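The values are calculated or read from the model by the stated rules, or taken from the named source; none is laboratory data. All values reported here derive from a predicted model rather than from experimental measurement. Virtual Cβ from ideal backbone geometry, glycine too; neighbours counted across all protein chains shown.
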Amino acid sequence: MSYFIDRRPNARHKSAVNRQRFLQRYRSHIKRAAEESVNRRSITDMERGEKVSIPTKDISEPSFQHGPGGRRTVVSPGNKEFAEGDRLRRPGGGGGGGGSGEGQAGNQGEGMDEFVFSLSREEFLDFVFDGLELPHLERKQLQVLEETRPVRAGISKEGVPARINIVRSMREAQARRIGMRAPLKRALREAQEALDAEERKDPVLRNPARIDELKSEIARLEKRIASIPFLDTYDLRYNHLTHQPMPSNQAVMFCIMDVSGSMTQAHKDIGKRFFLLLYLFLERNYEKVELVFVRHHTVAKEVDEEEFFYSRETGGTIVSSALTLVNSIIEARYAPEQWNLYVAQASDGDNWDDDSSNCLELLNESLMRKLQYFTYVEITPHAHQALWEAYDTVRAAYPERFAMQQIVQAEDIYPVFRKLFRQRAQG
Amino acid sequence: MTRRKPIATGSDWNFEALETYERAIAELAREYRLDTYPNQIEIITSEQMMDAYASVGMPIGYHHWSFGKQFLSVEQAYRRGQMGLAYELVINSDPCIAYLMEENSLMMQVLVIAHACYGHNSFFKGNYLFRTWTDASAIVDYLVFARSYVAKCEERHGVEAVEQLLDACHALQNYGVDRYKRPSPISAGEEARRQEEREAYLQTQVNRLWSTIPPVVSELAQEPLHDHENDPLGLHRHGRYPSEPQENLLYFLEKNAPLLEPWQREIVRIVRKLAQYFYPQRQTQVMNEGWATFWHYTLMNRLYDDGLIDEGIMLEFLQSHTSVVTQPGFDSPYFNGINPYALGFAMFSDIQRICRAPTDEDREWFPDIAGSDWLETLHFAMQNFKDESFIQQFLSPKVIRDLKLFSLVDDDRDDSLQIEAIHDDRGYRRIREALSVQYALSAREPNIQVWEADIRGDRSLTLRHVQDRRRPLGQSLFPVMRYLHQLWGFPIKLESTEGDDIVRRYQWPIPEPTRESA
């Protein structure tokens, strides 16, 4: 007696819970490994998962075991030249019973000091972005959102067949049937009793006309009772849905990058890495984050993601061009009352001499008031220039909403990123 | 016998072909008197196979990080191509559940049906260890009970508390087995029904045991006093508790640990019951795989002889079978200990040979079975032995010669290793003896038993380790004692004995001023 079952369509990932338990338990180990790997690998690589290794001794499950020493006999296959009584040097040369015989040495000889396993991309990014958030996110403009979702709102008498509420409909029908039958049944009973009374009389005293009348009355009533419908259209009840506006946080992130000639390829790479990290972070944290990519040299241009990360340009640098563009985009498309606005900017700090004061003015006068958070990373090993100083003034004016950091080399990206988006204590 | 048309050819399988092959194999198996549980054959994907691996092949289990670790390491090895997944996995249950991977070729599926559904299955049903120690019909129910009970505890007491408890129990699970008593059968309904009354009853038992404890006197705690002078009233003259050493540490803890909550005792019990269930498998590796391999080999050959599989499938089978039963020599880079498939297959095939065509040597070594009915003898061997005794009884000089077995003595008092015996007349018996010991569970795992619970003193628990040929305990000793301490709640002492002497003492927590070493 045998039977086959095709289990392939069944749920896989039965071990998912256990896997998560394991990751949870070794969180700190894995996080460290994830951080190291962010710095090590090229950021375009972020699309794949990561191999993580943990020292085996940290995750061993101990049990009572024999240690080295004492006397043991091992039987092994494949004897070629040994004869009884042969003496062999102990492998490894350690006196004092270090070896456990060749049988077992072969068994455990592999370098298994590290327990290595793979994280999926999602899990990996979870660890990378653990504890980060967009600061000052507020719920803006709940009323005028077009986004709605259907919500149950009681029962109605009208609706589409798909939303019929069967239980309520049947209850209505039953109530109606009981209500409509009651007077008819009463009349029927009375007529029946009258008929019985009439028929019990002595045949001489019977009134045939009365009997006929009663009989036809009974027949009429029975017909009426039978004609009461089991279910009528006005019994039907429908689940009523209304559309409720959905509260949501809308956010826009402006990514501004300097692509001028003064930015070397290395600078641009670092900048791109920073933004990619940012992009991945936003992409997975907020469903409703819009991204606007702005690149600039002497003029600024709004571009799509592809172009932002992968195309090249040269020229001089006018930072205010980008800020002006951002400002006009905000005015055109993203009303500050409705959107959480974020700006992240990467540059090498170069700017036309007199432009930095323009930037300062732009930020202080109009932009900063609209923004939730402005982050600036300067990618340069050199001394700061006018732009940094201008921004420093802005930072003094808006310490809560303005952050700037310097990146010297690729390894700084991740720590700086973490510093900028560290989760703040609520309150 | 007339040759029939092959049921299917090529390497792709379908359910129809598998069902036909299954029926053909079942028919042949009846001929060979293979008595099996009904088969429940499940086709699964490689991912599902990895899941099955991680849960030791159990179709359902409670959650624990160690299974996640197992899963990750299997997944990693598989992805890197270091390891192929097993083609099948079979569970000792009634009906017998066998998992077949969808990636297998037609030949592989037929082979696996013969191997698992008739080989392993008949072993589970026939071997005395499985018959005595496991209840195939109840295991799935019990796993369901265990899973929901553990989940309930996690809800009530937190995942972490349960996890820590399971960690401690897992460390001791090899010591959660009654080796000599037949355990009572387990079933989920029964367990759930009894669990609550057991909870209440157990607690009263424990309370009664511990209610006799006088307040701990510090002097007494240091050195239990038993002599008349210091204890004229005989307060300490109660003999040891337990009066006999206890081999089942988890059982002892479940019944006697003073501070465990009822739910904690129940979880100790669950781990113990499952350890008990796996206990026979750990002792019959060679026999179980050997038996299954012998039968897949025999059945596949019969299918070929009857014309039900064609040359293509047969060649593919022989190639696969050969690699399964390969035994690399000790000096080969592929050497990974003795291959249980190779040894088991060689031994069962050799028993068949001894019965059918005995040589003079066989008549001398195996007068009882030489020339007997081979099927009868094979069934007898399968039913009544475990690896240790099977090797002791049936390892023949021919197998020793074929595998070129030799035994090597490693003694820490000797600065060189010595070849004790090789495959010659003087060596056969010694090799057989040594190999048998090598498979004895009692030699593979240190022999540790509960010696005394000091219920009238400092409540410490003393274990005794009986050293086997002076082999000391390994490094993992202290972590395990720490877990023991968590379960028992009071100091744990461990004494290693050699003969009648105590040669080493260990204690956890490690006492403040380190004792002079014993």
Could you check segment A:276-309 and list, in sequence order, the residues that are assigned to a loop (DSSP other than H, G, I, E, B) and of a type outside the set (A, V, I, L, M)?
A:Tyr286, A:Glu287, A:Lys288, A:His297, A:Thr298, A:Asp304
Tell me whether segment B:496-504 contains one or more residues that are at the interface with chain A (Cβ under 9 Å from one of its Cβ atoms), at negative phi and part of a strand (DSSP E or B).
no
From the residues in segment B:437-481 that are outside any loop (DSSP other than H, G, I, E, B) and of a type in the set (D, E, K, R), which one is farthest from the other protein chains (Cβ to nearest Cβ)?
B:Glu452
Could you check A:Arg168 against (1) modelled with pLDDT of 85 or more; (2) within 30 Å of A:Phe308 (Cα to Cα) and say which number it fails?
(2)
Within segment B:327-393, which helices (runs of 4 or more DSSP H) (wholly inside it) include 2 or more residues that are closer than 22 Å to B:Ser407 by Cβ?
B:340-356, B:360-365
In the set B:Ile60, B:Ile7, B:Ile43, the lone residue that is more than 8 Å from every other protein chain (Cβ to nearest Cβ) and surrounded by 19 or more Cβ atoms within 10 Å (Cβ to Cβ) is B:Ile7
Would you pick out the residues in segment B:23-66 that are more than 17 Å from B:Leu89 (Cβ to Cβ), outside any loop (DSSP other than H, G, I, E, B) and in contact with a helix residue (DSSP H, G or I) (Cβ under 6 Å, 6 or more places away or on another chain)?
B:Ile25, B:Leu28, B:Ala29, B:Trp65
Quick one: which strands (runs of 3 or more DSSP E) sit completely within segment A:315-425 and have at least 1 residues that are under 26 Å from the mean Cα position of the chain (by Cα), modelled with pLDDT of 85 or more and not charged (D, E, K, R)?
A:340-347, A:373-379
Every pair of residues 6+ apart whose Cβ atoms lie under 8 Å, when the first sits in segment B:99-116 and is among the charged types (D, E, K, R) while the second is assigned to a helix (DSSP H, G or I)
B:Glu102/B:Ser46; B:Glu103/B:Ser46
Is there a residue being buried (at least 18 other Cβ atoms within 10 Å of the Cβ), more than 27 Å from the chain's Cα centre (by Cα) and more than 22 Å from B:Asn288 (Cβ to Cβ) anywhere in segment B:344-359?
yes
List every residue pair whose Cβ atoms sit under 7 Å apart, with the two residues 6 or more apart in sequence or on different chains, where the first one lies in segment B:405-424 and is among the hydroxyl-bearing types (Ser, Thr, Tyr) and the second, anywhere, is in a strand (DSSP E or B).
B:Ser407/A:Thr73; B:Ser407/A:Val74; B:Ser407/A:Val75; B:Ser407/B:Glu420; B:Ser407/B:Ala421; B:Ser416/A:Arg87; B:Ser416/A:Leu88; B:Ser416/A:Arg89
Among the listed residues B:Glu254, B:Glu266, which satisfies the condition of being farther than 30 Å from B:Asn384 by Cα, out of contact with any His (no Cβ under 9 Å at 6 or more places or on another chain), surrounded by 20 or more Cβ atoms within 10 Å (Cβ to Cβ) and free of Cβ contacts under 8 Å to residues at least 60 places away in the same chain?
B:Glu254
Where a residue in segment B:19-39 is away from chain A (no Cβ under 12 Å) and its partner, wherever it lies, is aromatic (Phe, Trp, Tyr) and not in a loop (DSSP other than H, G, I, E, B), with Cβ under 8 Å and at least six apart:
B:Tyr32/B:Trp295; B:Leu34/B:Tyr118; B:Leu34/B:Trp295
Could you please find all residues in segment B:337-392 being free of Cβ contacts under 8 Å to residues at least 12 places away in the same chain and either in contact with a helix residue (DSSP H, G or I) (Cβ under 6 Å, 6 or more places away or on another chain) or among the aromatic types (Phe, Trp, Tyr) (or both)?
B:Gly337, B:Phe380
Name the residues in segment A:363-373 that are surrounded by 20 or more Cβ atoms within 10 Å (Cβ to Cβ) and touching a helix residue (DSSP H, G or I) at 6+ places or on another chain (Cβ under 7 Å), would you?
A:Leu363, A:Leu367
Of the numbered conditions (1) crowded, with 17+ Cβ neighbours inside 10 Å; (2) away from chain A (no Cβ under 14 Å), B:Gly312 fails exactly one; give the number of that condition.
(1)
In segment A:58-91, how many are under 30 Å from A:His29 (Cβ atoms) and more than 7 Å from chain B (Cβ to nearest Cβ)?
3
Please find, within segment B:418-439, the residue that is surrounded by the fewest Cβ atoms within 10 Å (Cβ to Cβ) out of those that are aliphatic (A, V, I, L, M) and under 26 Å from the mean Cα position of the chain (by Cα).
B:Val437
